[in-house]
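The next block holds one structure in the form of structure tokens; read it before the comments.
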Amino acid sequence: MPVCQEKRPKILVIGSINMDMVARIDHIPLPGETVLGQGYSFAPGGKGANAAVAAARLGGCVAFAGCVGDDSYGQALRKTLTDEGVDDRLLRTAQDAPTGYAPILVQAGGENSIIVFPGANRSIRPEDVPAMFREPVDAVMMQLEIPEEIVLLASREAEARGIPVILDAGPACSFPLEEMRGLAIVSPNETETMALTGLPVDSEAEARAAARALRERSHGADVVLKMGARGAYLLTKDFEGMVPAFPVEAVDTTAAGDTFTAAMTVAYLRGEPLERAVRYGCAAGALATTRLGAQPSLPTAAEVEAFLRARE
Ligand code: RIB
């Protein structure tokens, strides 16, 4: 890890890293239709790297473990991490696959559609995992955009060392949650919850039922169910209920969930009760929707604090 002040939470993020191509369009073309777009740009992304950079901007001392290809995207993404102060020593350059790539279609109103070409994100090897745990950390954050085998193995390594695991359960997939070890917090959004539990999340009552199912499947982990513009449904042993979102004018929702989980984790590791940490996550996630792109939209700690102060 880079030299960190004692009180900065030390976080290991094991996850995906992609080059995003963000295309602004009026509507998604129908089969056979051609539409003119408003513009496009390239920006660093990937659920893992987004969470790592978000946590670093919010004051975490962050190491990122993952895989890029031996190409210009990989070099650019590594540089972005180091420019953000994220430790890249556990980011391997694989020779057998290109860097992950994600075309993102952003429609007027901020809704997005994402295609992920995982590329080198699939090249993280089980034998890479023990080395990720050589230096002590306060928490491990993971998502589901890397091989399932790696997520499960890393959770066992974390549990063996008493390190809490925070799982952002995106993207939506059927994942054997009950096989996770050391899980402190599981945080899916509505579609990810449906994929994990088969339960819909259209109302608070449905969120309650789904959160209870998730808690049971994850052997009692705290559940933070992300519900977009409505906020988050939180289930812990001390608290159950909604934490409301902050209304904002959304430009692009890309990486809002990644930002939310990273911000919640940083606040939680600083010792805030989870309910307050979720509120901090809601503020950071809301801010991320007000700007285009994944990592260009991630707020700093000063921005989140000013945003919260203005709403007290
Ligand atoms: O969560 C947003 C991210 O999903 C994008 O940055 C894209 O790369 C995909 O991983």
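The values are calculated or read from the model by the stated rules, or taken from the named source; none is laboratory data. These numbers were taken from a predicted model, which means no experiment stands behind them. Here Cβ is always computed from backbone atoms with ideal geometry, including for glycine, and neighbour counts include all displayed protein chains.
Just the residues that are more than 18 Å from the chain's Cα centre (by Cα), under 14 Å from Ile14 (Cα atoms) and of a type in the set (S, T, N, Q), please, taken from the stretch 86-137.
Scanning the stretch 86-137 gives a single hit, Ser123.
Quick grid of which residues meet (1) modelled with pLDDT under 95; (2) surrounded by fewer than 16 Cβ atoms within 10 Å (Cβ to Cβ); (3) more than 16 Å from the ligand (Cβ to nearest atom); (4) at positive phi:
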residue: Ala94; (1), (2), (3), (4): no, no, yes, no
residue: Thr99; (1), (2), (3), (4): no, no, no, no
residue: Ala102; (1), (2), (3), (4): no, no, no, no
residue: Ala108; (1), (2), (3), (4): yes, yes, yes, no
residue: Gly119; (1), (2), (3), (4): no, no, no, yes
residue: Pro136; (1), (2), (3), (4): no, yes, yes, no
residue: Gln143; (1), (2), (3), (4): no, no, no, no
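Working only within the stretch 44-58, note down all residues that are out of contact with any Leu (no Cβ under 8 Å at 6 or more places or on another chain) and in a loop (DSSP other than H, G, I, E, B).
Leu58
Whether any residue in the stretch 155-168 is of a type outside the set (Ser, Thr, Tyr), part of a loop (DSSP other than H, G, I, E, B) and over 21 Å from Thr236 (Cα atoms) is what I want to check.
Checked the stretch 155-168: at least one residue is of a type outside the set (Ser, Thr, Tyr), part of a loop (DSSP other than H, G, I, E, B) and over 21 Å from Thr236 (Cα atoms).
Quick check on this structure: which one of Thr236, Thr265, Thr197, Thr254 is over 21 Å from Val22 (Cα atoms) and buried (at least 24 other Cβ atoms within 10 Å of the Cβ)?
Exactly one of Thr236, Thr265, Thr197, Thr254 is over 21 Å from Val22 (Cα atoms) and buried (at least 24 other Cβ atoms within 10 Å of the Cβ), namely Thr265.
Of all residues in the stretch 176-192, which are crowded, with 16+ Cβ neighbours inside 10 Å, within 16 Å of the ligand (Cβ to nearest atom) and without any contact (Cβ under 8 Å) to a residue 60 or more places away in the chain?
If the condition is that a residue be crowded, with 16+ Cβ neighbours inside 10 Å, within 16 Å of the ligand (Cβ to nearest atom) and without any contact (Cβ under 8 Å) to a residue 60 or more places away in the chain, then Pro188, Glu190, Glu192 are the ones that fit.
Filter the stretch 242-269 down to the residues that are modelled with pLDDT under 95 and not polar (S, T, N, Q) and list them by number.
The answer is Glu249, Ala250, Val251, Asp252.
What number of residues in the stretch 249-294 are among the aromatic types (Phe, Trp, Tyr) and either more than 14 Å from the chain's Cα centre (by Cα) or away from the ligand (no atom under 15 Å from the Cβ) (or both)?
Of the residues in the stretch 249-294, 2 are among the aromatic types (Phe, Trp, Tyr) and either more than 14 Å from the chain's Cα centre (by Cα) or away from the ligand (no atom under 15 Å from the Cβ) (or both).
Looking at (1) assigned to a helix (DSSP H, G or I); (2) touching a residue at least 40 places away in the same chain (Cβ under 8 Å), can you tell me which one Asp20 breaks?
Going through the list (1) assigned to a helix (DSSP H, G or I); (2) touching a residue at least 40 places away in the same chain (Cβ under 8 Å), Asp20 breaks only (1).
Tally the residues that are touching a strand residue (DSSP E or B) at 6+ places or on another chain (Cβ under 7 Å), without any contact (Cβ under 8 Å) to a residue 40 or more places away in the chain and in a loop (DSSP other than H, G, I, E, B), restricting the search to the stretch 201-220.
1
When only residues in the stretch 49-73 that are surrounded by fewer than 24 Cβ atoms within 10 Å (Cβ to Cβ) and within 15 Å of the ligand (Cβ to nearest atom) count, which is nearest to Thr254 (Cα to Cα)?
The residue in question is Tyr73.
Mind checking whether some residue in the stretch 25-42 is touching a residue at least 60 places away in the same chain (Cβ under 8 Å), buried (at least 20 other Cβ atoms within 10 Å of the Cβ) and either in contact with a helix residue (DSSP H, G or I) (Cβ under 9 Å, 6 or more places away or on another chain) or more than 26 Å from Pro247 (Cα to Cα) (or both)?
no
Looking at (1) out of contact with any strand residue (DSSP E or B) (no Cβ under 7 Å at 6 or more places or on another chain); (2) within 15 Å of the ligand (Cβ to nearest atom); (3) of a type outside the set (A, V, I, L, M, F, W, C), which is the only condition Asp20 fails?
(1)
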